[in-house]
Amino acid sequence: MDWDKIVQLLVNGMTLGSVYALVALGFSMIYGILKLLNLAHGDVLMVGAFIGWGIISWLGGAQDPSVAVWLLIVLMLLGAMVGCGFLGVAIERFAYRPLRRAPRIAPLISALGVSFFLQNSVLLLFGADYRSYETFDLVDVEVGISWGPLNIWIIRIVVIASAFAMMAGLWLLVTRTKLGKAMRATAFDREAAAMMGIDVDRVIVKTFFIGSALAGAAGILVGLVFGSINHFMGFSYGLKGFTAAVVGGIGSIPGAMFGGLFIGLSEAFSVGYIEDLTRGRLGSAFSDLVVFLILIVFMIVRPQGIFGKPEVKKV
């Protein structure tokens, strides 16, 4: 058994899974509040990635930034989270709130429209070329942890640590704060929460802000790890984040965390071992197949996900 390979695949899977978990958390939060699949969520991630690229360019580029590297990364994360948070609020206000009492298919179609709008807006503004974060110039590739079979580049450590910190912060927000209590009450029964004096509209707006901010942070982490971004990247990450939410149990925050890590590890190990079997030719081509096969299996065997509960139908 090649332990060096297994350890490296674990690191790769944790990195991917951390990003998927942040996207899945946004899906789960919004679905829990509105019972709405926000299909534009992946494109919010893409906008966050472009905000980060804009901040890098504005501050002198990766080769010679005008601020310290750690401060640049913090500014990128803050800029993307705030920008995408307000973008999420705008999407809720203009695309979903007018359709709140409409049949469920109407906001779903609106979400698709928002997704296409964001994709094509970025395409018109920045073109179809890939934009580079130039991460290897930003951070020395040799900086990191090297101990036996374990080799982790510093950017991967930053990505995993940042993602887990944000997930822990969200968990504390939902379980320990007044806003979290209001969010849980609204998710359980919106009408009853309103009768108890909770401002449901304000809770929904704050939920969209937080979920979209997490997607923006995920966009920065993707750009830092993989180095390049494009206007169509949100489609893939949105689908895999949705898959992670379904596997963990959509509407469940622990489920979204677990589902993201599970999908990330599954993708990393499938790529690694299929590449071995096909001598490096087909691993990446089959990674999406494995991920969506997992989605199909869960939809058939356990549609409520691992942490989810079957929906109780009232007669």
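The values are calculated or read from the model by the stated rules, or taken from the named source; none is laboratory data. Keep in mind it's a predicted model, so treat the numbers as computed, not measured. So basically every Cβ, Gly included, is an ideal-geometry build from the backbone, and we count neighbours across all protein chains shown.
Listed values, structure above:
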read-out	value
Segments classed as helices (runs of 4 or more DSSP H), wholly inside the stretch 221-315, with at least 1 members that are more than 17 Å from the chain's Cα centre (by Cα) and modelled with pLDDT under 85	253-277, 283-301
Subset of the stretch 1-50 [of a type in the set (S, T, N, Q) and within 9 Å of the chain's Cα centre (by Cα)]	Ser18
Criterion: more than 19 Å from Ala168 (Cβ to Cβ), touching a Gly at 6+ places or on another chain (Cβ under 7 Å) and not hydrophobic (A, V, I, L, M, F, W, C) - qualifying residue of Gly251, Gly255, Gly260, Gly227	Gly251
Residues satisfying the stated conditions in the stretch 183-208, i.e. small (Gly, Ala, Ser) and not in a helix (DSSP H, G or I)	Gly197
Flag for Ala163 being within 30 Å of Val7 (Cα to Cα) and either at pLDDT 90 or above or surrounded by 21 or more Cβ atoms within 10 Å (Cβ to Cβ) (or both)	yes
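Listed here are the residues, each with its yes/no results for (1) more than 20 Å from Val19 (Cβ to Cβ); (2) touching a residue at least 40 places away in the same chain (Cβ under 8 Å); (3) touching a Gly at 6+ places or on another chain (Cβ under 8 Å); (4) of a type in the set (Val, Ile, Thr).
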| position | (1), (2), (3), (4) |
| --- | --- |
| His41 | no, yes, yes, no |
| Phe50 | no, yes, yes, no |
| Gly61 | yes, yes, no, no |
| Leu78 | no, no, no, no |
| Glu92 | yes, yes, no, no |
| Pro98 | yes, no, no, no |
| Ser110 | yes, no, no, no |
